[in-house]
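The values are calculated or read from the model by the stated rules, or taken from the named source; none is laboratory data. Computed from a prediction, not measured in an experiment: that's the story for all the values here. Cβ placement follows ideal geometry from the backbone for every residue including glycine, while neighbour counts extend to all protein chains displayed. In case anyone asks, the SASA skips ligands and DNA or RNA and just uses the protein heavy atoms, side chains included. Shrake-Rupley method; radii C 1.70, N 1.55, O 1.52, S 1.80 Å.
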Amino acid sequence: MSKTDTINPPLSGTKKDPLARKYLPKSQQSPFGDFPKEWKVHKGKAKNEEADQKTPLDVSRTEFSRRKEGTGGATSSLMKGKQQDAPPKPIAGAFHRRPIPPTEYRRFYERGDLPIAIQHRANGNKIDWKVDIEKLDYHHYLPIFFDGLREKEEPYCFLATQGCFDLLEKGGSKILPTIPQLIIPIKTALNTRDPDIIVTMLKVLQQLVVSGDLIGEALVPYYRQILPVLNLFKAKNNNAGDQIEYGQRKRKNLGDLIEATLELFEIHGGEDAFINIKYMIPTYESCVIS
């Protein structure tokens, strides 16, 4: 064999077999082979170009081809379907009770810092004061007892209410300097919007106004903190019709109690009392001018 002769290996059964290549699929990019690498288009760009070239008809088809959408295969009927229930009307909740924040009075009482104890009697319970009331520091104790007026659990409720009445009864001139310290407990109790707490606070306010001179006038600058809640509940009367309200002696009718409290504010509040009450409660009518 000469050096120029070449050896041709058998191609049958291999990838280069012309008979096998005859049945292979054509190239994916073109029937003539793949494009050069520098001519290839990235898949993302190709998709964007295809999306830009969509016709309105194609867009409409894709919109109706989504799952569970469109009207294909649906039946039509003139019968009205089930009417949806109307949503409930929103409620402002102006008269709803608010959460009652914990009081400092309970903490002082449980710690034993208050010189009081319950004295059980046949005709009703009373407070047994361990110290003379005249010797107490009103700047310290009176705001604490006013803070306890929003308690609804016994014995805290009874001790705070009766303690306020006892302190106001024998306070005299010591009450007037403590008025600025009493405003926050009064406002907090009224803002709970609990009728029982409001009734108790109004009774204490009536006693506060008549406990000393100039106390009613000292409350006038604080009407904006005290009167808004009274304006809400002023019309809360018990409409008994022609029946008799046998519980009048308990003084638990909120509307009547608010009216009586406002009249005391006007009588003991001086010249500016009525105009300030009228500003906060427009429906109030003077009991002095008329």
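To put it simply, the accessible area of the stretch 118-235 at a 1.4 Å probe is 49 percent carbon and sulfur. Building the convex hull from the alpha-carbon atoms of the stretch 130-255 and averaging its projection over directions returns 8.6 nm². Just to be sure I understand the model, the point goes 7 Å from the Cα along the line to the Cβ. What's the resulting residue 213 to residue 239 distance in nm? Those two pseudo-labels are separated by 4.7 nm. Accessible surface area normalised per residue over the stretch 181-290 is 54 Å², counting heavy atoms of protein chains with a 1.4 Å rolling probe. Loop-located trypsin sites (Lys or Arg not before Pro) across the stretch 122-158 with a Cβ neighbour count of 14 or fewer within 10 Å are 130, 152, with loop assigned by DSSP. Label sites at residue 193 and residue 267, each approximated as a point 7 angstrom past Cα along Cα to Cβ, lie 3.2 nm apart. The stretch between residue 126 and residue 84, if pulled fully straight at 0.36 nm per residue, gains 9.0 nm over its current Cα-Cα span.
Can you tell me what the convex hull of the Cα atoms of the stretch 70-163 projects to on average, as an area in nm²?
With every direction weighted equally, the projected area is 14.8 nm².
Please compare each pair in 130/187; 126/252; 126/152; 130/252 to a cut-off of 23 Å on the Cα-Cα distance and tell me which ones are over it. Over 23 Å apart, Cα to Cα: 130/187; 130/252. Can you pull out the GluC sites (Glu not before Pro) in the stretch 173-280 that DSSP calls coil and that have at most 14 other Cβ atoms within 10 Å? Hits after loop and neighbour filter: 245, 271.
What ratio of Cα Rg to 2.2 N^0.38 Å holds for the stretch 211-290?
Against the compact-globule rule of thumb, the ratio is 1.19.
Applying the criteria of a DSSP loop state and at most 13 other Cβ atoms within 10 Å to the chymotrypsin sites (Phe, Trp or Tyr not before Pro) of the stretch 194-290 yields 246.
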